[in-house]
Each structure stands twice: as C-alpha cells, then as structure tokens.
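Visitor: Input: one structure, supplied below.
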There are 2 protein chains.
Amino acid sequence: MDERAWVAALRNMTRGGPGVIQGIGDDCAILASPGGGPDLLVSTDMFIEGVHFDFGKFTARQAGYRAVARALSDIAAMGGEPRWHLISTAWGVETQERWALEFMRGAAEAADEFQSALVGGDTSRTNLFTCDVTVIGTVPHGEALPRSGAKPGDGIYVSGLLGGSEYGRRKGPDFPAGWTRHARPQPRLALGQWLRGKASACMDLSDGLSLDLHRLCLASGVAAEIGSKLPLWPGVTHAEAWRDGEDYELLFTAPAAVEIPPSWEGLALTRIGEIATGPVSEVYLDGKPARIAGYDHLADRP
Amino acid sequence: MDERAWVAALRNMTRGGPGVIQGIGDDCAILASPGGGPDLLVSTDMFIEGVHFDFGKFTARQAGYRAVARALSDIAAMGGEPRWHLISTAWGVETQERWALEFMRGAAEAADEFQSALVGGDTSRTNLFTCDVTVIGTVPHGEALPRSGAKPGDGIYVSGLLGGSEYGRRKGPDFPAGWTRHARPQPRLALGQWLRGKASACMDLSDGLSLDLHRLCLASGVAAEIGSKLPLWPGVTHAEAWRDGEDYELLFTAPAAVEIPPSWEGLALTRIGEIATGPVSEVYLDGKPARIAGYDHLADRP
C-alpha cells in the first residue's frame, strides 16, 4: 500500500461533518469558522529522527526550525496566513533535556519569523525522537488554493530553484549554502497569499516534483506536459530536480489569461509546462510518459 | 526535568499572538474564532506503542478507539463540543497494513460516536507505532472551563469511579468489564457542557487524581483538602484510586452556592474535598500533606 491507497481508504471510512469545506487529501483541510469570517486551514506534519532529519548532522535548533517551517509550508500552499500551532514531541532514547529545549528554541525561532503562536502540544517518551506539528491558519472565505482546480491549457509553474534541499543534505553541514537550503526551508507564505485569485491549483513541493505533480493532476483529473527546462539549483541535475523532494517551493497552475511574471519579490517563477487532457494523472516529460519518482512514506521504507 | 518544568520552559520561550485567549498549560488552548462567535478549543495527544497502550493486549480497533476517545476527553474537560480532528500515524517496524487500517476503523468508531469529523493527518514510518491526535472543538465565547478558577471554599468533585482503567489494564482483556473500562474510555462531553457556568475549574483525570489535583491547585494558586472517601471502582484500593491514571473522568470544583447533585444522567458526582488556603498546590489527604503520585511522562521513563 502506498500513501494514495491509504488516503483513499481513510476517505472511505470518513464522513464529512458540519463546517468541513474540504477534508483529507490536500495540503490542509479547509474548515468554516464557527462564527463566519475567514476559513480555517489545518494540517499536521510528523518529523522523526532518521526519517525526516539526520540526527547526527542537525543541531537541535536547526531541527526545531525545520519542523515548524515545513509544517507552515502547508499553509503557504493553500494561500493562507499562519495563526497558531501545536507541537507534540516524544523524546527518544538519546534525547537529552538540553537538546529538547534547543529544539523548541529553533521551533520558536521559525514561529516568530513566520508569525505563528505556539498554543499547545504533548510530551512523551519513545525510541526515536518524534515530533508532530499541527498548524492552524486562516484564509479569506472561499479563497483557499486547492490542488484540484487545474484545467487543460493552464500553465504549470514552480517557484524558486529545484533540488537544492537534497543537494544540501548530501553535501552536509560543512557546505553552508546548500545546508542552509536543507535545514532552513522557507515556506512561501507571501507568494501563496499573492496567488489567491490567480492560481487555479497549488501545492507545496515536499515529496519531489514528479510525485507532487502527479498528485496535483490526480486531484484535478487532468494530465500534464512538462518541458525540458526546469529551474535547477546550482550543481543539481535535471533528473535530481525532477525526483528530489523537500524544497518546499510552490507548484501551481494558472489560466493563460493570468499573467505570471518571471519573478515575484525576488523569487523566480518558472513556467515548466502545461496542463493537458489525456489519461488522468499521466505526466509527459518532453513528450514521453514520465516515470513517477519521489518519496512515498508508506511504499518506501526509510 | 518533569512535565511541569518543561511546560514552564516552553511558556518562557512563547509569545502570545492574535486570538490566543489561553495558550499552553491547560487541557486545551482557547482561541478566538477569526469571525467571532464560539471560541475554538485545540489540543493534541500522543499515543505510542508500549507507552500509552500495550501492543500485545489491544486489538488494533481498540487502540484506535482509545486514541481518539482520550484526545476528546480534553474537549470535555473544557466544557466544549468536538468538531474536527486530525490523526498522524507513524507505523512501527511490526505495523502491518491490516493493523493500521483496523486502527483507523477504531478511530472512526470513536469519532462517529462522539461526533468529530476526521479532516487530516500525516503518515510516516518509525520504530514503535506512534499516533498523535489533534482535536478541535468549540465552546460558547468566554464559557470554557479552565483549570485556574478554583477558589478557597469551593467543593472538589469527581465524576464516576476511580481506578478502573488501571485495574482493567492489570487484569487484561480476559476480564471484559475492567478491560472495556481501560480500552474504551468515555470522554465526559455531556457532563463538561453541563458544567459550563457551574464549575469554577475543571480538568480530566489522565495522570492520576493525586497529580492532576496538584496541577489544578497549582494553576488556581490554591491548596486542597481531600477526605477519606473516594468513589472506588470495584476491587480498587484507596491508594490506587489516588494514584492511578487514565480514568478520563472529570475533576472539577464549584462554589458552595452551586448545587451539584450526587449523580447526573446516571454518572456519579462525588464531593471528595474542598479547596483551601495554604501553601499553593499542597494537597492534604485526611489532614496530612499528601505525597504526589501519578504518571509524569518526562520524569518517569516508560
């Protein structure tokens, strides 16, 4: 079973409920605020020693920063503004108090930078250090950016440069430029908010362009044609940019009538292809059906 | 470091933010809905193989039920109504797909019973099966029941019978009455809602009466005097009822002017003592300072 099958199984056993505008299957759920006004966005992200970060390479503070920043990327992907978050931690066998406090200081640094208030959490013990970050944001009612709105003819865009995070991870902390890219992901919150009313679909790049684009197409019921030009992080190959994840850039689509500039507030916006008719979720790379690569947490054991 | 020191450290590195009516340190955070109307209640609870449940004794379905029911108990403790929840799971080395699906079916059973809609989650792999449940509820604006409102002279009450969960755990699944009490905790949602406007302070009994009462006194800046009579689950001793956790009954205080009946909708409500002046958080049991027992997730390694 892969993540898609798992999510499908969960959907089958889940009923909607009052206020559920959109449930599981997107970067965030969209919920109607009980008193009206902006919609609520909620999402949760696990961050586990050895799975999501290399305990030996990360300082505690870097790990905490990254745990919160990547969770906030889901709010960015929906076009929302962060408000509140909760952090559950289960300390591993080797987790020292000092390490855990430094982790929370790194988490607080990201929270302050991106304007989210820590309002709760839980603490326990386990085997491998485990953290789960729940983020709650808001978006004007009806303006959240789902994955499911892409239409044939829409342009496909990515922000920034691809493959830098995995490149930085491979090079390690001794190569600061790449390492910073890996350890300090920047949720594209301002860009996501700017894309409200412009993008037809949007998601963040967490598991690799190939797999994430495949998911966007699946949610939208469309196919995609990707050209040979991807915006590459220096030193990264086309194949790596296609496959490698955790860049936390935005992948979005926009109708031809919407003008997307080549950059916005210093961040490159690159048109990498076009939404097409054709077999649902099929992605064509340079005209040929592409092999879907990328990281699946259930299918791929760490 | 124990949980109290950890929470204090987190509070020191946390700033409030817009809409934060009450942050960390209670059963739930209380947040102002962005559009006005009812307040939001949010809380998160980890549920880990070997720490929070015995993998060998629980069926997958029981484990899933329990994970959600105990998380919803935090909504009950605040006098709220459940709305939505998110479930993150990290599958352990021995977690089979079938087990994980059955776990989610048990979770869905509790969610249906207590009227909460699953709206999200995350899935990953780890060493020991780990689950984190985030619950979001609502409560009429300004009516949430905090831990911090107990005043000298208030009566101290508990719902139901104490010690049954741990008794059931020790006896194991072959003794259905006790086991059901352990495996299927019942969040006291209706009681919590009824206590709005009546109770001066309220929390749920998760880590044992002794430790939880100590925490309530600490939050309220008061002491407590407990009599010799506790409502005991059949077969449970006074010392066990004082120490053992996970009953998920409500512990609450009410001013003398508020009449609390001996039972409500079939659930016993027992006056076990009175809030007192005296050293903050000191608990007197039958006139003598009590030793604080109970489970601390950080101080007590599993």
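Visitor: If I take every Cα pair under 8 Å that is 6 or more residues apart in the stretch A:164-302, average their sequence separation and divide by the length, what percent do I get for the relative contact order?
Guide: Details: 226 pairs, mean separation 45.6, N = 139.
This gives 33 percent for the stretch A:164-302.
Visitor: Mind checking which lysines have their Cα closer than 20 Å to the Cα of A:LYS171? Skip sequence neighbours fewer than 8 apart in that chain.
Guide: Cα-Cα hits under 20 Å: A:LYS57.
Visitor: When only C-alpha pairs under 8 Å and at least 6 residues apart count, what is the relative contact order of chain A, in percent? Please report the intermediate quantities before stating the final value.
Guide: Numbers: 713 pairs, mean separation 65.0, N = 302.
Relative CO of chain A lands at 22 percent.
Visitor: Multiplying the sequence separation of A:GLU113 and A:LYS57 by 0.36 nm and subtracting their Cα-Cα distance, what value in nm do you get?
Guide: Values: separation 56, 0.36 × 56 = 20.16 nm, distance 2.32 nm.
Residue separation times 0.36 nm, minus the Cα-Cα distance, leaves 17.8 nm.
Visitor: Subtracting the Cα-Cα distance from 0.36 nm times the residue separation, let me have the gained length for B:MET1 to B:VAL93 in nm, one decimal.
Guide: On the way: separation 92, 0.36 × 92 = 33.12 nm, distance 2.99 nm.
Result for the pair: 30.1 nm of gain on full extension.
Visitor: Helix-only estimate, please: 222 nm mean residue ellipticity of chain A, summing -39500 (n - 2.57) across DSSP H runs of length 4 or more and dividing by its residues, to the nearest 500.
Guide: -8500 deg cm²/dmol
Visitor: While we're here: For a distance above 45 Å, tell me the whole-number percent of Cα pairs in the protein assembly as shown that qualify.
Guide: Values: 32415 of 182106 pairs.
Above the 45 Å cut-off, the protein assembly as shown has 18 percent of its Cα pairs.
Visitor: Can you give the charge dipole size of the protein assembly as shown about its Cα centre, rounded to the nearest 20 debye, using +1 on the beta carbon of Lys and Arg and -1 on the beta carbon of Asp and Glu? Don't skip to the answer; put the middle values down first.
Guide: Working: 56 positive and 76 negative charges, 13 e Å.
The calculated dipole for the protein assembly as shown is roughly 60 debye.
Visitor: What is the list of residues in the stretch B:137-152 whose amide nitrogen lies under 20 Å from a point 7 angstrom out from the Cα of B:THR277, following Cα to Cβ?
Guide: Within reach of a label on B:THR277, which here means backbone N under 20 Å from a point 7 Å along Cα→Cβ, the stretch B:137-152 contributes B:149-152.
Visitor: Fully extended, how many nm does the chain gain between B:LYS288 and B:ARG105 (0.36 nm per residue separation, minus their Cα-Cα distance)? Present the calculation step by step, with values, prior to reporting the outcome.
Guide: Working: separation 183, 0.36 × 183 = 65.88 nm, distance 4.74 nm.
In short, 61.1 nm is gained.
Visitor: Would you kindly calculate the mean projected area, averaged across all directions, of the convex hull enclosing the Cα atoms of chain B, in square nanometres? Walk me through the intermediate numbers first.
Guide: Working: hull surface 62.4 nm².
For chain B, averaging the hull's shadow over all directions gives 15.6 nm².
Visitor: Report, in debye and to the nearest 20, how large the dipole of chain B comes out about its Cα centre when Lys and Arg carry +1 and Asp and Glu carry -1 on their Cβ. Walk me through the intermediate numbers first.
Guide: Numbers: 28 positive and 38 negative charges, 23 e Å.
Dipole about the Cα centre, nearest 20: 100 debye.
Visitor: Quick one: A:THR138, A:THR130, fewest Cβ neighbours within 10 Å first, how do they rank? Walk me through the numbers before you get to the answer.
Guide: Working: A:THR138 22, A:THR130 30.
Ranking A:THR138, A:THR130 by Cβ neighbours within 10 Å, fewest first, gives A:THR138, A:THR130.
Visitor: How many angstrom separate the Cα center of the stretch B:76-153 from the Cα center of the stretch B:9-37?
Guide: If you average the Cα positions of each part, the centres end up 19 Å apart.
Visitor: Taking the alpha-carbon distance from A:LYS288 and a cut-off under 12 Å, which aspartates and glutamates remain once sequence neighbours fewer than 8 residues away in the same chain are dropped?
Guide: List returned: A:GLU225.
Visitor: Now a separate question. Report, please, the projected area of the stretch B:84-192 averaged over directions, based on the convex hull of its C-alpha atoms, in nm². Could the numbers behind the result be given before it?
Guide: Numbers: hull surface 39.6 nm².
Mean projected area for the stretch B:84-192: 9.9 nm², to one decimal.
Visitor: Quick one: of the DSSP bridges fully inside the stretch B:80-148, what percent are antiparallel, nearest 5? Intermediate results must be reported in sequence, preceding the final value.
Guide: Numbers: 9 of 17 bridges.
Once the DSSP bridges in the stretch B:80-148 are tallied, antiparallel ones form about 55 percent.
Visitor: Sticking with this structure for a sec: Using DSSP to define loop residues, name the GluC sites (Glu not before Pro) in the stretch B:32-136 whose beta-carbon has at most 15 other beta-carbon atoms within 10 Å. Write down the numbers at each step before the final one.
Guide: Details: sites: B:GLU49, B:GLU94, B:GLU97, B:GLU102, B:GLU109, B:GLU113; in loops: B:GLU94.
Within the stretch B:32-136, the qualifying GluC sites (Glu not before Pro) (loop, at most 15 other Cβ atoms within 10 Å) are B:GLU94.
Visitor: Once both labels are modelled 7 Å past Cα along the beta-carbon direction, what's the B:LEU218-B:MET13 spacing in nm?
Guide: In this crude label model, B:LEU218 to B:MET13 measures out at 1.9 nm.
Visitor: What does the C-alpha gyration tensor say about the overall shape of the stretch B:156-302? Classify as rounded when a/c is under 1.5, otherwise prolate if a/b is larger than b/c, or oblate.
Guide: On the way: a/c = 1.76, a/b = 1.23, b/c = 1.43.
Judged from the Cα gyration tensor, the stretch B:156-302 comes out oblate (a/c at least 1.5, b/c at or above a/b).
Visitor: Follow-up. What ratio of Cα Rg to 2.2 N^0.38 Å holds for the stretch A:47-147? Working shown, then result.
Guide: Numbers: Rg = 14.1 Å, N = 101, 2.2 N^0.38 = 12.7 Å.
Here the answer is 1.11, to two decimals.
Visitor: Another question, if that's okay. How would you rank A:ARG169, B:ARG188, going from fewest to most other Cβ atoms within 10 Å of each one's own Cβ?
Guide: On the way: A:ARG169 19, B:ARG188 25.
The most exposed by this proxy come first: A:ARG169, B:ARG188.
Visitor: Okay, moving on. Please rank B:MET203, B:MET1, fewest neighbouring Cβ atoms within 10 Å first, as an exposure proxy. Can you show the working numbers first?
Guide: Values: B:MET203 25, B:MET1 14.
Ranked by crowding around the Cβ, least crowded first: B:MET1, B:MET203.
Visitor: Charges at C-beta only: +1 for Lys and Arg, -1 for Asp and Glu. How large is the resulting dipole of the stretch A:155-289 about its Cα centre, in Debye rounded to 20?
Guide: On the way: 13 positive and 16 negative charges, 39 e Å.
Roughly 180 debye for the stretch A:155-289.
Visitor: If you don't mind, there's one more thing I want to ask. Mind checking the mean number of beta-carbon atoms from other chains within 10 Å of the Cβ atoms in B:137-147? All intermediate terms of the calculation are to be shown ahead of the outcome.
Guide: Values: counts 1, 4, 1, 0, 2, 0, 0, 0, 0, 0, 0.
Per-residue shielding by partner chains comes out at 1.
Visitor: Take peptide A:8-18, look around each residue's Cβ out to 10 angstrom, count Cβ atoms belonging to other protein chains, and average those counts. Before the final figure, lay out each step's value.
Guide: Working: counts 0, 5, 9, 1, 1, 9, 8, 5, 3, 11, 4.
Mean shielding count: 5.
Visitor: 7 Å along Cα→Cβ for the label point: how many nanometres lie between A:TRP194 and each equivalent label in the other copies, listed shortest first?
Guide: Nearest to farthest, the other copies are at 5.7 nm.
Visitor: Could I have the simple spin-label model distance between A:LEU232 and A:GLU143, label points 7 Å from Cα toward Cβ, reported in nm to one decimal?
Guide: Taking the two extended label points, one gets 3.9 nm.
Visitor: Along the positive direction of the dipole of the stretch B:1-63 (beta-carbon charges: Lys, Arg +1; Asp, Glu -1; about the Cα centre), which of B:GLY56, B:GLY36, B:ALA5 reaches farthest?
Guide: B:GLY36
Rule-based calculations on the coordinates, nothing more; no lab input. What you are looking at is a predicted structure, and each value in this text was computed from that prediction instead of being measured. Neighbour counts are summed over all protein chains in view; Cβ atoms, including those assigned to glycine, are modelled from backbone coordinates with ideal geometry.
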